[in-house]
Amino acid sequence: MERMQAGLFAQLVVVPLFTKHRILSQVAGHDLPVLKGLPPLVLSEEDLEDFATALDEVIARAARPTRVAGLALKAARAR
C-alpha cells in the first residue's frame, strides 16, 4: 500500500483507532508513514495497556487488505 500511496497505511491505522477504540491520533503529515499519538495529560498503566492492545489489533487488521482497501488501491492506481 505504501508503494501505491505514501502515508496510506498510517491512515488505515488512524481511522479505526478512533472509530473503534476512541483513541485520538493523527498522521504526522502528507505522504508520511508516521503516526502521532495524542494522549490525555494523565495516563494510567491500564490506559497504556489498552492503547497497546488496540494499536496491535488495528495494525494487524490494516496489514491484511480488505475489500475497502482494495478499492482504495485501485483508486490510487487510477491517479
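Read-outs: derived from the displayed coordinates by stated rules, not from any lab. No experiment lies behind these values; they were computed from the predicted model shown. We place every Cβ from the backbone using ideal geometry, glycine too, and count neighbours over all the protein chains shown.
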Practice prompt. State, to one decimal in nm, how far the label point of residue 63 lies from the label point of residue 42, with both points 7 Å from Cα in the Cβ direction.
Written response: 3.6
Worksheet item: Quick one: which of 40-49, 22-31, 54-63 comes out on top by average Cβ neighbours within 10 Å, and what's the full order, highest first?
Response: 54-63, 22-31, 40-49
Worksheet item: Which FRET efficiency, nearest 0.05, do residue 19 and residue 49 yield, Cβ-Cβ r, R0 22 Å?
Response: 0.60
